[in-house]
1. Can you tell me which of (1) out of contact with any helix residue (DSSP H, G or I) (no Cβ under 7 Å at 6 or more places or on another chain); (2) without any contact (Cβ under 8 Å) to a residue 24 or more places away in the chain is the one G7 doesn't meet?
2. Please specify each residue of the stretch 51-69 satisfying the condition of being of a type in the set (A, V, I, L, M) and surrounded by fewer than 16 Cβ atoms within 10 Å (Cβ to Cβ).
3. Just to verify a result, which residue in the stretch 12-42, among those that are among the aliphatic types (A, V, I, L, M) and touching a Leu at 6+ places or on another chain (Cβ under 7 Å), is surrounded by the fewest Cβ atoms within 10 Å (Cβ to Cβ)?
4. Which numbered condition trips up P47, out of (1) free of Cβ contacts under 8 Å to residues at least 40 places away in the same chain; (2) of a type outside the set (D, E, K, R); (3) over 18 Å from Q66 (Cβ atoms)?
Amino acid sequence: MGFLHIGQNVMVNDRHIIGIFDLDITSQSPQTRRFLDQAEKDSVVLPVCDDIPKSFLVCDHPYHRQIVYISCLLYTSPSPRD
């Protein structure tokens, strides 16, 4: 079990992470915008950065269906090793 620091002294258990998504790419999708709008209405969006956000994390949460963290974490896909 490990933890990921996602900003503003917030650590997330890596077992609770459902996905890490690049905001630049995913925000172009109407479905993603609807998802984030609904999460905002449900009060399950937590910003954890002071700068321009780069990603959002969807995580399991014991008291909500899921929590969405807006983060400055820059996620890149793993590249194949040589």
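No lab work stands behind these numbers, since they all come straight from the coordinates. Since this is a predicted model, take the numbers as computed values, not measurements. Glycine also receives a Cβ, built like all others from the backbone with ideal geometry; neighbour counts cover every protein chain displayed.
1. G7 satisfies every listed condition except (2).
2. I52
3. I17
4. The number of the failed condition is (3).
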